[in-house]
Amino acid sequence: MITTVLWDVDGTLLDFHVAERAAIRALFSEFGLGECTDAMLARYAAINDSFWQRLERNELSKEQILVGRFEQFFGEYGIDVSLAPAFNERYQPKLGDTIVYRDDSLSIVKSLKGRVKQYVVSNGTVAAQTKKLERSQLGAWMDGVFLSEELGAEKPNAAFFEKVFAAIRPESLSAVMIVGDSLTSDIQGGMNAGVKTCWYNPARLPVPEGYRVDCVISDLHELRHCLDAEKP
């Protein structure tokens, strides 16, 4: 029986890409960099994904990926790369200005209160996630928030989850389920931690080989079916 749910935030509870695009466009205006086109935003998103994957593989530090992605992006479009550190510093809180729920996620989290313990597990920065969780009200309904920047370890590393479990002391790992949209961060993290995994997969993609996915959902409302299926 699942008694503990570990929630990813970006791309799962909240629509990260809408917030990402709004933040970058606002900062292009703030920094006087001209228009940031749809094509530029698409290119940035690809660069950003590649940098986060390198973080997950322990190839780069958090600071290296946060600034490095903007250095590469700016360099490709002829923008002064020396602006990258300042741009990233403003970008973190700016991400919290735009709140778009995935599948009415706030109501879903509220409805699960008391049925299971719920915790945020995220690689996002403290500055960004603190503001998002406050403005979205999601944080108020969680039993705890665990951010890699504070723990000193990133998903999908087992060390991240070991620190989470040391704090929450679940009755057993078989009673824990992680819910997230990222195979490389959330699902692999759940596998590394030895807990149940629920892949949030709105695109309805096939499960790639090499991943143990205990439940696949295309809408967060379907999580209840996963929880019910795990009842004794």
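Miscellaneous remarks
- The single condition among (1) touching a residue at least 40 places away in the same chain (Cβ under 8 Å); (2) surrounded by 15 or more Cβ atoms within 10 Å (Cβ to Cβ) that residue 100 does not satisfy is (2).
- Unmet requirement for residue 160, which otherwise passes all of (1) open to solvent by 50 Å² or more (accessible area, probe 1.4 Å); (2) at pLDDT 95 or above; (3) more than 20 Å from residue 105 (Cβ to Cβ): (1)
- Contacts under 8 angstrom Cβ, first residue in the range 41-70 being closer than 17 Å to residue 151 by Cα, partner of a type in the set (D, E, K, R) and surrounded by fewer than 20 Cβ atoms within 10 Å (Cβ to Cβ), 6 or more apart: 55/62; 60/54; 62/149
- Apart from one condition, residue 23 fits all of (1) touching a residue at least 60 places away in the same chain (Cβ under 8 Å); (2) assigned to a helix (DSSP H, G or I); (3) open to solvent by 50 Å² or more (accessible area, probe 1.4 Å); the exception is (3).
- If you go through the range 203-232 and keep only what is in contact (Cβ under 8 Å) with a residue 24 or more places away in the chain, farther than 19 Å from residue 117 by Cβ and open to solvent by 60 Å² or more (accessible area, probe 1.4 Å), you end up with 211, 212, 221.
- Just one of the listed residues (18, 9, 116) is loosely packed, with under 15 Cβ neighbours inside 10 Å and either touching a residue at least 12 places away in the same chain (Cβ under 8 Å) or out of contact with any Lys or Arg (no Cβ under 9 Å at 6 or more places or on another chain) (or both), namely 18.
- Output for the range 195-232, where each listed residue is among the charged types (D, E, K, R) and assigned to a loop (DSSP other than H, G, I, E, B): 204, 209, 212, 214, 219, 230, 231
- Within the range 153-194, being hydroxyl-bearing (Ser, Thr, Tyr), out of contact with any strand residue (DSSP E or B) (no Cβ under 8 Å at 6 or more places or on another chain) and in a helix (DSSP H, G or I) holds for 184, 185.
- Filter result for residue 189 (at pLDDT 95 or above, under 30 Å from residue 94 (Cβ atoms) and touching a Cys at 6+ places or on another chain (Cβ under 9 Å)): no
- Matching option when the condition is polar (S, T, N, Q) and surrounded by 23 or more Cβ atoms within 10 Å (Cβ to Cβ), among 188, 129, 137: 129
- Filtering the range 163-186 to residues that are acidic (Asp, Glu) and at pLDDT 95 or above leaves 181, 186.
The values are calculated or read from the model by the stated rules, or taken from the named source; none is laboratory data. These figures come from a predicted structure and were not determined experimentally. Ideal geometry is used to build each Cβ from the backbone, glycine not excepted, and the neighbour counts take in all protein chains shown. Calculation scope for accessible area: heavy atoms of the full protein, side chains included, ligands and nucleic acids excluded. Shrake-Rupley method; radii C 1.70, N 1.55, O 1.52, S 1.80 Å.
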